[in-house]
1. Which of I347, I23, P190 sits farthest toward the positive end of the charge dipole of the chain, with +1 on the Cβ of Lys and Arg and -1 on the Cβ of Asp and Glu?
2. For S298 and E162, compute 0.36 nm times the residue count separating them, minus their Cα-Cα distance, and round to one decimal in nm.
3. Rank E92, E267, E428 by accessible area, highest first, at a 1.4 Å probe radius?
4. Determine, for each peptide in 22-29, 297-304, 405-412, the mean count of other beta carbons within 10 angstrom over its residues, then list the peptides with the highest first.
5. How large is the charge dipole for the chain, taken about the Cα centre, if only the Cβ atoms of Lys, Arg (+1) and Asp, Glu (-1) carry charge, to the nearest 20 debye?
6. So what is the relative contact order of the chain, in percent, for Cα pairs below 8 Å that sit 6 or more residues apart?
7. Length gain on complete extension for the stretch A113 to E284, per 0.36 nm per residue less the alpha carbon to alpha carbon distance?
8. Name the shape class, rounded, prolate or oblate, that the alpha-carbon gyration tensor gives for segment 41-192, where a ≥ b ≥ c are the square roots of its eigenvalues, rounded holds for a/c under 1.5, and otherwise prolate holds if a/b is larger than b/c and oblate otherwise.
Amino acid sequence: MIRLYDTMARKKRAFEPADPRRITMYVCGPTVYGRAHIGNARPAVVFDTLARLIRHTFGEDSLVYARNVTDVDDKIIAAAEAEGVEPAVITERYERHYVDDMGALGVAPPDIAPHATAEIGPMIAMIERLVALRNAYEAEGHVLFHVPSDADYGALSRRDREAMLAGARVEVAPYKRDPADFVLWKPSSPDVIGWDSPWGRGRPGWHIECSAMIRAHLGETIDIHGGGLDLIFPHHENEIAQSRTAHGGAPLARYWVHNGFVDMGAEKMSKSIGNVVGVHDLLEAGHRGETLRLALLSAHYRQPLAWTEALAEQSKTILDRLYGKLKRFAFVEDGEISSNDCDSGVIEALNDDLNTPLALSRLVSITDPKSLTASGMLLGLFAHSERWPHFFLDMHSGEYDRVSRLVDERVEAKTRRDFATADRIRDELQDQGIVLEDGPDGTTWRRA
Ligand SMILES: [Zn+2]
């Protein structure tokens, strides 16, 4: 039995999906105008891990996981103007980077990745409905959701009106009936991206995107809605108001799951503060994606996680040990491992509100090779075990350092086009049973 902390209920609840054969989960995805930092990677890794646990529990085909791509936004428009290109140039570039960076962290693509620009029709339809129901109104080319029209507004964040107005940093505009009202649609000037609508040429606000895409792809009420803590207010509060009022009071989600921030010691990691560590920077600095994933899972998802170089180093040491342990076993072929081999202690920890630090501490004490492999894979680890350099080497004999040095010498030799030396080093290692493999990511090696 999986238990999840539900932000709406403020407690852990047994996870009972409405239909265990079609469990629905939606997570607010990236706004694609820049590279992802390690804080952006946390929800991707956390909800990827939750998706793996749900599939393990209810079956491989039990879950429909949607994560949207926000590809129309004022920050995207600003980035496009700064480069003198169309917004699509920016969004395609950064979506590709996002998919690559998250892939490196072992994050599987979601089942559905709806794009805002492809779903304008459903958004306009939902806004029309909200206007017809008098929960929204048109004013000067804008359409706004009228917050006082929804008596239950604020239930998720439990904020009173004063705190809400302060937290939303509301834009005071003469066309608003109430300062808390938020934008569903706004006008676009002729030089800015826009679509025809009943209210003139314009573009959607951010919040309506998620409500409309959830309705279109998953239904009126979904099982799990996820995202970072910073989305609780105003974004998720606004999503709830739009969806519930448009759908005759049906709740938007049955469980609300939020992950904590990654911080740099004292401060939250944020593009606006400028203290960000890019996922690609960490990868280029030589960290493996698997190491970063393990580091992100080392704290409970609801707790803040302080990002330090020491954390990455510790995570690498843990993986070295795990691979060292796997190496001592006869090699287990992937096909021989099934999810039934997962360690019950690891599953028990994950079932308790995705307690990954406890799951990891149990993982390192597993002695059975099949169980270790299956349990690691449940956490999204060991996907590229063949590439872990230590996998087939004895780390304690100094062999790793020696092979490492020779591989580096060979790379240098190839760089100065000294192929005779490069070939001699390759042959020398081959005589010792070490096979080198040159690939796009550099040279890896394994025991023959
Ligand atoms: Zn959203």
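1. I347
2. Values: separation 136, 0.36 × 136 = 48.96 nm, distance 3.68 nm.
Here the answer is 45.3 nm.
3. Numbers: E92 115, E267 95, E428 65 Å².
Largest to smallest exposure gives the sequence E92, E267, E428.
4. On the way: 22-29: 23.0, 297-304: 17.2, 405-412: 15.2.
The packing order, highest mean first, is 22-29, 297-304, 405-412.
5. Numbers: 52 positive and 68 negative charges, 199 e Å.
Its charge dipole is roughly 960 debye.
6. Values: 677 pairs, mean separation 72.8, N = 448.
Here the relative contact order equals 16 percent.
7. On the way: separation 171, 0.36 × 171 = 61.56 nm, distance 2.69 nm.
Value of the extension gain: 58.9 nm.
8. Working: a/c = 2.03, a/b = 1.35, b/c = 1.50.
Because a/c hits 1.5 or more and a/b fails to exceed b/c, segment 41-192 counts as oblate.
The values are calculated or read from the model by the stated rules, or taken from the named source; none is laboratory data. Computed from a predicted model, the values in this text were never measured in an experiment. Note that we place each Cβ from the backbone using ideal geometry, even for glycine, and neighbour counts take in every protein chain shown. Just the protein is used for accessible areas: all its heavy atoms, side chains included, with ligands, DNA and RNA removed. Shrake-Rupley method; radii C 1.70, N 1.55, O 1.52, S 1.80 Å.
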